[in-house]
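Input: a single structure, listed below in structure tokens.
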Amino acid sequence: MNIVARSWVRKAERDFKVVRGLVRQWTAGFADAACFHAQPAVEKYLKACLIDAAISFPRTHDLAALLALLQPRDPRWHGFDAACHILTGYAVDTRYPGDDATKRDALEALKFVTAIRREARRALGLKP
């Protein structure tokens, strides 16, 4: 894995730990933050994989668009479309009043980011 991809993974790991910590040490009202941080964690894992595979990608926060670039090259990425669609929504929806995430949403976001993290780390030759 090249140094640029490795730096994306380091940043992704930090976001992942924030999500995991918020869900594990549950405090009412932290669901929004957990869901929000799940999106950039996945974005960074996907971008690390794209960089490692020498696949160019646009400047975007749309996880489905990034995932679509990986899927033709690596079948491990099929089946994550719904998760990426849901997590992309959390990048904006949970930041503003009117659309509050629930504990169930936060648990689902943690489940999604954990699964995508596992596949990204495998794809990059790291321990899952």
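Derivation of every value follows stated rules applied to the coordinates shown; laboratory data play no part. Since we're looking at a predicted model, the values are computed, not measured. Because the Cβ atoms are built from the backbone with ideal geometry, glycine has one as well, and the counts that use them run over all protein chains shown.
Working from Cα pairs under 8 Å separated by at least six residues, relative contact order for the chain is 32 percent. Residues in the stretch 32-48 carry Karplus couplings, in order, of 4, 5, 4, 5, 4, 6, 5, 4, x, 4, 5, 4, 5, 5, 5, 5, 4 Hz; the curve used is 6.51 cos²θ - 1.76 cosθ + 1.60 with θ = phi - 60°, and Gly or Pro positions show x. With respect to the chain, whose longest principal axis is taken over its alpha-carbon atoms, helix 81-93 is tilted by about 50°. Sequence-ordered 3J(HN,Hα) estimates for the stretch 70-79 from the Karplus curve with 6.51, -1.76 and 1.60 and θ = phi - 60° stand at 7, 4, x, 8, 8, x, 4, 8, 6, x Hz, glycine and proline given as x. Which distance in Å, rounded to a whole number, links the C-alpha centroids of the stretch 79-96 and the stretch 103-128? The two parts, judged by their Cα centres, are 14 Å apart.
Overall shape: prolate for the stretch 3-123, with the ratio a/c of the largest to smallest alpha carbon gyration tensor axis at 1.5 or above and a/b above b/c.
This model, with +1 at the C-beta of Lys and Arg and -1 at the C-beta of Asp and Glu, gives the stretch 48-128 a dipole about its Cα centre of some 440 debye.
Exposure proxy for TRP8, TRP26: other Cβ atoms within 10 Å of each Cβ, ordered fewest to most, give TRP26, TRP8. Mind listing which trypsin sites (Lys or Arg not before Pro) in the stretch 51-128 are in a DSSP loop and have 10 or fewer other Cβ atoms within 10 Å? Qualifying residues, ordered by number: ARG59.
Multiplying the residue separation of ASP62 and MET1 by 0.36 nm and subtracting their alpha-carbon distance yields 19.6 nm. Axis angle, to the nearest 10 degrees, between helix 3-24 and the longest C-alpha principal axis of the chain: 20 degrees. Dividing the summed -39500 (n - 2.57) terms of all DSSP H runs of n ≥ 4 by the residue count of the chain sets its mean residue ellipticity at 222 nm at -22500 deg cm²/dmol. Considering lysine pairs in the stretch 3-123 that are 8 or more places apart or on different chains, how many have Cα atoms under 16 Å apart? Close lysine pairs found across the stretch 3-123: 5.
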